[in-house]
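To start, the structure under review is shown below, and the notes come after it.
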Amino acid sequence: MPTVKTLFCLSLFAFAAACGGPGPSADVPEAQPAEASDADIGTHVVHFSAQTTDQLSREIAQAYEIQRSPERAMLNISVIRKSDKAPVAADISVRTRNLTQQLKNVELRPIKDRDAIYYIGETKVANRETLIFEISVRPDGVDQPSEIRFQRQFYTD
């Protein structure tokens, strides 16, 4: 059975592939500078990615009960303690909206595999839709949450 580490590596690889591409009849968008995929929040680092779920292998999607589709976006978050590079549990909430301020429901669920801990959430997405993710993260043992904000554009064709 594939590990969550495999899922995370696959997510980072898919992120590097820029979340898909336009269909043959679409205008090719201008290349954008790469955005950060992690955030330093003091004693911890938060790693995050967002991609369409069709970029996951069938085996990974099935193992973690993720519906594969070009019209579904997946948010993947992990929290690592800097001192020993160990994954830690965290209270994480996310508010997701598109550029027209429509809220998108993304409920995170923890996935634990050996020592790794990931938080995965999914939502529907339209072609060329940009989602803004506002994430609140409070690692276990930390009093105050940290806020992270990033956005991704998705292509479904």
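Taken together, the values in this text are just the output of simple stated rules run on the coordinates, not laboratory data. Just so it is clear, the model here is predicted, and its values are computed rather than measured. Cβ: placed from backbone, ideal geometry, glycine included. Neighbour counts: every protein chain shown.
Ordering K104, K112, K85 by the number of other Cβ atoms within 10 Å of each residue's own Cβ, fewest first, gives K85, K112, K104. S83 to E59: FRET efficiency via 1/(1 + (r/R0)^6), r the Cβ-Cβ distance, R0 25 Å, to the nearest 0.05? So the FRET efficiency works out to roughly 0.15.
In this simple spin-label model, placing a label point 7 Å from the Cα along the Cα-to-Cβ direction at both N105 and D38 gives a separation of 3.4 nm. Net charge in the neighbourhood of S136 (other residues with Cβ under 15 Å of its Cβ; Lys, Arg +1, Asp, Glu -1) is -2.
Overall shape: oblate for the stretch 48-153, with the ratio a/c of the largest to smallest alpha carbon gyration tensor axis at 1.5 or above and b/c at least equal to a/b. For the pair R114 and D143 in one chain, pulling the backbone fully straight at 0.36 nm per residue adds 7.8 nm over the alpha carbon distance.
When F133, F150, F48 are arranged by Cβ crowding within 10 Å, least crowded first, meaning fewest neighbours, the order is F150, F133, F48. The residues R58, R81, when put in order of fewest to most other Cβ atoms within 10 Å, stand as R58, R81.
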